[in-house]
Amino acid sequence: MKKLAKLLSLLLALSMVFSCVAVAEEEAAEVDIEAYTTQSTEIYTQVMGDFYDAYMKAKEAETISDRFAQMAVAEAKLLGSGVMIPLQSRGGNYALTRIAPRTQNSTLWGNDADRVHQLIIVKEGILKTSEVEELRAIWNEVRGTGTYEDRVREYLASKGYETTDVYNYAYSSDPQTWDVLATSKQADSRAIICTYDGLYEYDVENEQAPALALSHEVSEDGLTYTFHLREGAVWVDSQGRKVADVKADDFVAGMQHMMDAQGGLEYLVGPDGCNIKGADAYIGGETTDFSTVGVKALDDLTLQYTLEAPCSFFLSMLGYGVFAPMSREYYTSQGGQFGADFDPSAENYLYGKDPDHIAYNGPYLVTNNTFQNTIVFQANPSYWNKDGINIHTVNWYYNDGTDTLKAYNDFKAGINSSVGLNSSALVQAKEDGLFDECAYVSATDATSFMGFFNVNRSCYANFNDGTTAASPMSEEARERTNQAMKNVHFRRALLMSLDRGAYNAQSVGEDLKYASLINSYVPGNFVSLPEEVTVDINGTATTFAAGTYYGEIMQAQLDADGIQAKVWDPATGMSSGFDGWYNVEAARAEMAIALEELAAEGLEITAENPIEVDLPTFTGSETYNNRSEAFKQSLEAATEGLVKLNKVECATSADWYYAGYYYNYGYEANFTICDLSGWGPDYGDPQTYLDTMLPDYAGYMVKALGVF
């Protein structure tokens with residue numbers, strides 16, 4: 001397990017900011033960080049060792065089929081470790097809309113699904129359920145022909161609709177940065193994606209189309225990709241004033257800045273990603289010479305990437321922020337520097353602090369950015385494809401979630417272009433007569449919202465202020481919980497105790513409580529085997545035919561491990577749409593084993609002296625409060641009072657986010673159980689999910705376990 005020295009030094013610096021009040025304490029702080037890292041490694045090995053070993057074996061596979069099969073085995077080990085609770089994907093709820101379906105890219109990976117410039121929106125009225133279904137059928141019929149947008153316009157005109165070039169959207173979390181290369185949070189990238197173009201972009205028919213690159217070639221050995229950029233694209237500031245031409249060097253500058261910033265994207269270009277030549281050495285601090293990295297501008301319009309080894313999914317990564325360009329000229333004008341001189345805390349460093357301090361080459365400029373109120377994007381008059389976009393004004397309106405009917409009422413008033421119906425809005429829509437004629441079930445995507453178990457908790461109030469979301473646990477209770485959470489059977493008992501259907505019903509209603517439920521981290525139908533392959537399942541050579549889905553292999557490994565969970569339904573060919581983990585009998589069997597093992601360690605658990613677990617809860621929202629209550633009731637009932645769940649009050653959505661989303665390191669994670677985070681794929685390979693659970697500060701989501 002390789003240590004990332006550069007990242008560790010940043011962690012040390014951050015720790016000293018929070019913990020040091022005198023210079024004399026700096027040495028002690030360094031010892032503490034080193035001890036924390038050592039402890040994290042030991043706990044990770046104990047809790048995640050089986051997953052890690054299986055995953056490293058998968059990465060050494062020589063064929064795509066063997067790779068996919070071995071990754072499915074590794075994920076079964078991950079799920080069996082009981083460190084995460086599969087919850088739901090995005091979508092799968094009743095919704096009302098004025099947006100023609102499939103006029104926004106629906107590729108399962110990358111950031112392009114957040115681009116909105118091709119939306120087609122009706123000016124007045126609400127699309128009927130039958131119209132949504134008919135348009136979906138047209139998309140399936142014409143996908144890949146480049147004609148869907150024209151067919152949508154023809155269809156809407158035939159139904160008497162006029163269209164608008166304004167899109168209104170309700171958002172719940174302001175971007176914390178406007179530097180897309182320094183963040184991996186969707187709350188940031190969903191906004192920033194409107195401001196820039198990359199090399200290629202997935203269109204509304206989910207085909208990869210030229211953006212700033214017109215074409216490319218790949219060398220015979222699969223190691224070198226050469227892109228030819230279009231002429232005439234420019235960078236402008238937030239006022240629309242030209243600051244530079246777009247050129248190949250902007251992609252070089254963007255890549256170096258991304259590696260300097262280390263905002264959670266950098267692993268995607270190292271050995272755990274597409275493996276760009278020299279990237280790992282630069283990120284790890286082994287070299288400071290960026291010219292050794294395989295990203296070169298051969299001239300102003302020719303860009304070249306060189307890989308250490310062939311990467312089957314390289315082109316699918318181009319729709320993600322890690323490959324975004326950045327105007328070198330503008331960046332340095334805002335105090336930005338590269339390499340060892342990079343210092344985002346410098347007084348003159350302004351880049352990305354707000355939308356007035358970035359350069360734009362994309363379809364929109366940000367003209368209003370009012371915190372927790374409004375963000376407005378207006379069409380960029382200098383955009384290379386300004387005549388090819390459908391939406392010219394994008395309005396984001398803040399909704400803190402405290403009023404469960406606000407989004408629905410705003411939609412009825414024409415303020416928002418679409419709305420998902422939570423349980424309260426569902427009742428209201430039926431009373432208003434809108435449900436029967438206009439409600440439809442929104443499509444699910446490949447986003448996996450997960451619950452996480454903190455196995456090494458050290459934070460009991462939010463790290464940003466030390467007071468909000470404070471745990472009610474005593475010191476003794478904290479120690480007992482941390483000990484119990486390190487036991488795999490205890491964690492499995494918690495996992496199998498959650499009635500996820502009842503939990504999800506609080507958000508989407510009883511009718512659709514299973515529609516968006518997931519049962520794995522990587523969707524079971526995400527990939528299938530290109531050819532037949534034989535893998536080892538607990539000592540038995542097991543052959544899977546060509547076309548076998550990833551989920552079927554996961555299920556085979558879980559069955560072999562004796563874990564009573566269902567992650568794959570062969571009848572539907574899906575790993576979603578049912579609750580395959582809730583199993584009270586199995587939960588109690590796992591708990592019985594845990595009680596025996598923990599008693600041998602000196603930890604006695606009884607109904608009179610239960611283990612306490614904290615679940616941060618946004619109590620200002622009726623929906624989220626009810627969801628946590630459903631969690632509490634099913635957990636405590638299934639464990640027969642051996643576990644007590646504390647709903648830790650978060651009075652505002654910001655308090656909630658700081659408890660379970662905004663933290664950067666495991667020691668800042670303020671929860672025992674959190675249901676506030678998840679992952680969407682960056683490219684079309686299971687690795688895009690599983691890499692997030694790697695150790696040594698490399699995996700983005702592993703911090704949710706309280707380590708690294």
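The values are calculated or read from the model by the stated rules, or taken from the named source; none is laboratory data. Just so we're clear, the structure is a prediction, and the values are computed from it rather than from any experiment. Positions of Cβ are generated from backbone atoms using ideal geometry, with glycine treated the same way; all protein chains shown enter the neighbour counts.
Results, tabulated for the structure shown:
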{"read-out": "Test: Gly573 is in the same structural domain as Asp53 (by TED's automatic domain parsing), more than 28 Å from Asn454 (Cα to Cα) and more than 27 Å from the chain's Cα centre (by Cα)", "value": "no"}
{"read-out": "Search result, residues across segment 100-117 that are under 17 Å from Glu149 (Cα atoms) and surrounded by fewer than 20 Cβ atoms within 10 Å (Cβ to Cβ)", "value": "Gln104, Ser106"}
{"read-out": "Output for segment 118-131, where each listed residue is outside any loop (DSSP other than H, G, I, E, B) and either among the acidic types (Asp, Glu) or buried (at least 23 other Cβ atoms within 10 Å of the Cβ) (or both)", "value": "Ile121, Glu131"}
{"read-out": "Index of the failed condition, Asp341 passing every other in (1) modelled with pLDDT of 95 or more; (2) surrounded by 16 or more Cβ atoms within 10 Å (Cβ to Cβ)", "value": "(2)"}
{"read-out": "Residues of segment 308-345 that turn out to be in contact with a strand residue (DSSP E or B) (Cβ under 6 Å, 6 or more places away or on another chain) and either among the charged types (D, E, K, R) or not in a loop (DSSP other than H, G, I, E, B) (or both), as a count", "value": "4"}
{"read-out": "Single match in Glu636, Glu604 (criterion: of a type in the set (D, E, K, R) and in a loop (DSSP other than H, G, I, E, B))", "value": "Glu604"}
{"read-out": "Criterion: of a type outside the set (A, V, I, L, M, F, W, C), out of contact with any helix residue (DSSP H, G or I) (no Cβ under 7 Å at 6 or more places or on another chain), without any contact (Cβ under 8 Å) to a residue 60 or more places away in the chain and assigned by TED's automatic domain parsing to the domain that holds Pro210 - qualifying residue of Asp354, Asp343, Asp387", "value": "Asp343"}
{"read-out": "Only listed residue being charged (D, E, K, R) and within 27 Å of the chain's Cα centre (by Cα), chosen from Glu510, Glu531", "value": "Glu510"}
{"read-out": "Members of segment 346-389 found to be surrounded by 20 or more Cβ atoms within 10 Å (Cβ to Cβ), part of a loop (DSSP other than H, G, I, E, B) and not aliphatic (A, V, I, L, M), listed by number", "value": "Tyr351, Gly352, Asn361, Gly362, Pro363, Asn380, Tyr383"}
{"read-out": "Residues being surrounded by fewer than 19 Cβ atoms within 10 Å (Cβ to Cβ), hydrophobic (A, V, I, L, M, F, W, C) and within 25 Å of Glu510 (Cβ to Cβ) - total across segment 546-573", "value": "1"}
{"read-out": "Restricting segment 559-591 to residues that are assigned to a loop (DSSP other than H, G, I, E, B) and charged (D, E, K, R), the residue that is farthest from Gly539 (Cα to Cα)", "value": "Asp579"}
{"read-out": "Residue match in segment 378-390 (condition: acidic (Asp, Glu), modelled with pLDDT of 95 or more and out of contact with any strand residue (DSSP E or B) (no Cβ under 8 Å at 6 or more places or on another chain))", "value": "yes"}
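For every residue, the table says whether it meets (1) part of a loop (DSSP other than H, G, I, E, B); (2) small (Gly, Ala, Ser).
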site: Asn646; (1), (2): no, no
site: Trp656; (1), (2): no, no
site: Ala659; (1), (2): no, yes
site: Tyr662; (1), (2): yes, no
site: Ser677; (1), (2): no, yes
site: Tyr683; (1), (2): yes, no
site: Thr692; (1), (2): no, no
site: Pro695; (1), (2): yes, no
site: Gly699; (1), (2): yes, yes
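Matching residues to (1) modelled with pLDDT of 95 or more; (2) surrounded by fewer than 23 Cβ atoms within 10 Å (Cβ to Cβ):
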{"site": "Gly264", "(1), (2)": "no, yes"}
{"site": "Ala281", "(1), (2)": "yes, yes"}
{"site": "Phe290", "(1), (2)": "yes, yes"}
{"site": "Ala297", "(1), (2)": "yes, yes"}
{"site": "Tyr305", "(1), (2)": "yes, no"}
{"site": "Glu308", "(1), (2)": "yes, yes"}
{"site": "Cys311", "(1), (2)": "no, yes"}
{"site": "Phe314", "(1), (2)": "yes, yes"}
